[in-house]
1. Using the Kirkwood formula over every pair of different C-alpha atoms, what hydrodynamic radius in Å results for chain A?
2. Solvent-accessible area per residue for the range B:189-271 at a 1.4 Å probe radius, Å²?
3. Under the Karplus relation 6.51 cos²θ - 1.76 cosθ + 1.60, θ = phi - 60°, what is the ordered set of whole-Hz ³J(HN,Hα) values for the range A:248-253, x standing for Gly and Pro?
4. Please turn the phi angles of the range A:136-149 into ³J(HN,Hα) values with the Karplus equation 6.51 cos²θ - 1.76 cosθ + 1.60 (θ = phi - 60°), one per residue in order, whole Hz, x for glycine and proline.
5. Could you pull out every residue, at least 5 positions away or on a different chain, whose amide H is within less than 5 Å of the one on B:A210? Hs are placed 1.01 Å off N in the peptide plane, and Pro or chain starts have none.
6. Calculate, for A:D7 and A:C265, the FRET efficiency according to 1/(1 + (r/R0)^6) with r their C-beta to C-beta distance and R0 35 Å; round to the nearest 0.05.
7. How crowded by other chains is A:164-173, given as the mean number of beta carbons from other chains within 10 Å of each beta carbon?
8. For A:191-198, what's the mean count of beta carbons from other chains sitting within 10 Å of each residue's beta carbon?
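The values are calculated or read from the model by the stated rules, or taken from the named source; none is laboratory data. This one's a predicted model, so the numbers in the text were calculated from it and none came from an experiment. Glycine gets a Cβ as well: all are built from the backbone with ideal geometry, and neighbour counts include every protein chain shown. The protein model used for the area step is the full one, side chains on, heavy atoms only, and it has no ligands, DNA or RNA in it. Shrake-Rupley method; radii C 1.70, N 1.55, O 1.52, S 1.80 Å.
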There are 2 protein chains.
Amino acid sequence: MTDARRDIAPAEIQALQQRAMELADAAREIVDQALRTGFSIQYKPDGSYVTSADVAVESRLRALIAQHWPDHGVIGEELAPANPEAPFQWVIDPIDGTEDFVHRVPTFGCILALYYRKLPLLGIIDHPSLDLRCDGAFGRGTRRNGERVRLADLPADVTSERVRVVLSARANFMRYRDEGARFDTLARAFPNHRVYRSCLGHTLVATGAADVMVDYHDTLWDLAAARILTEEAGGHYRTVREFDVNGARIYSAVFGKASAVERVCRLLESG
Amino acid sequence: MTDARRDIAPAEIQALQQRAMELADAAREIVDQALRTGFSIQYKPDGSYVTSADVAVESRLRALIAQHWPDHGVIGEELAPANPEAPFQWVIDPIDGTEDFVHRVPTFGCILALYYRKLPLLGIIDHPSLDLRCDGAFGRGTRRNGERVRLADLPADVTSERVRVVLSARANFMRYRDEGARFDTLARAFPNHRVYRSCLGHTLVATGAADVMVDYHDTLWDLAAARILTEEAGGHYRTVREFDVNGARIYSAVFGKASAVERVCRLLESG
């Protein structure tokens, strides 16, 4: 099977990536300013937060995308889709971890990705309060603050107690469908796990700082950049669960170093 | 019962705190430079890491302490105690979360505290890669990057699903004594929990960014600053477990917003 992304010339991918980095710069500027000068907070119907900064970032990125690529589509967390039939689709989570942003926990981030015919062409996760950015593009590798990263696989003799696993919160495993028992199984099997906001887990895994992430019950924009960043770093990405809730597609994924992904998936399949 | 710390003049506490901030500056400088220019890594007998940066920070802080206060004692993670009978005792964890430091996960920190007759007089947790410092001193409050913080208690109607709990890793609950089942109980009761490196949890709780931390099976230096930082911010601190392992005292503590501490302790007592 041919990969549709091979239809895009490498020079075009590079140009798209450069522009995407400017979009991430614009997002960071808005977030940094909001942290300095303040922002308003509202509760969404599901009880989660949205701030004036989330909306400002998404609006700004949509304006820039419309200016550079008027025929591209946009799917974002806070606003309605644009050009839904276009082959190029930008996916935006303006602030992943708004709860953390509100409480000034520095683990939140902006997630931005471009898909071509449903395959990820490039991805960026930017963490303004960590001065940390992970970006990658099809055929061009993954970078941490501009430096190329490459995942080494786990040594074969690493015990489960030592594998550096990131889990999404147990609350994630319980939303939409209660799979909290899977969290418990994973936590017992991999006791050296951490629980971070999704986007920080994605960055740590794609840059090799953690071995594998198990991220349950997310939307398209939460996981928008995780696959391209992991695969371009030399890691594996597996969607382990996919279903619809009120018309929205919900995904669960395991990604990171190849053998760590395999170990986790084996455990999930046996459970 | 009188608090021995009241014997120390407020001006003296202020002077000690100012000097302690200089110590934290010196630690940060060494860590930042190690991240830029590299460091060596060794494994300790228990399988944990120690780097040349851990040892360099502790050595430098000990030299500064000996210079400013030759009669003060020092207890640190990496080197032997000095002046163990002195009423003033500095407690140092040069890099809490060396595993994170080694992998460039930005959640590690330097923990520094001064005790007077076994009571905490001042504490600092400095996170070089987060540009974040929490410091506090007896009668002088707690600050986040120099700005005074004050913990508001939880609203009475907050459900357990919404309480922002930080747990130490399940691996912590299992070391020395296997209390992993307590981790599972907490994770189920408070599904919106996160698992961070101890020092980041302490900082988030003391600055109100999280509601409560449950930190199991730690040494004196791991928890050195947590109590003074939490109490001076207006929160509560409870030691819930204390025992000796090979001559070392192991502590477990629950600390944060008053009613959140009470809820967690009630759960632990019932389990």
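1. Details: mean 1/r = 0.0533 Å⁻¹.
Value: 18.8 Å, from the Cα pair sum.
2. Details: 2420 Å² over 83 residues.
With all protein chains present, the range B:189-271 gives 29 Å² per residue.
3. 9, 7, 10, 10, 10, 9
4. Coupling constants for the range A:136-149: x, 8, 3, x, 10, x, 10, 10, 10, 6, x, 9, 4, 10 Hz.
5. For B:A210, whose amide H was placed from the backbone, the distant partners under 5 Å are B:V205.
6. Rounded to the nearest 0.05, the efficiency is 0.65.
7. 4
8. Taking the mean over all residues of the peptide, I get 5.
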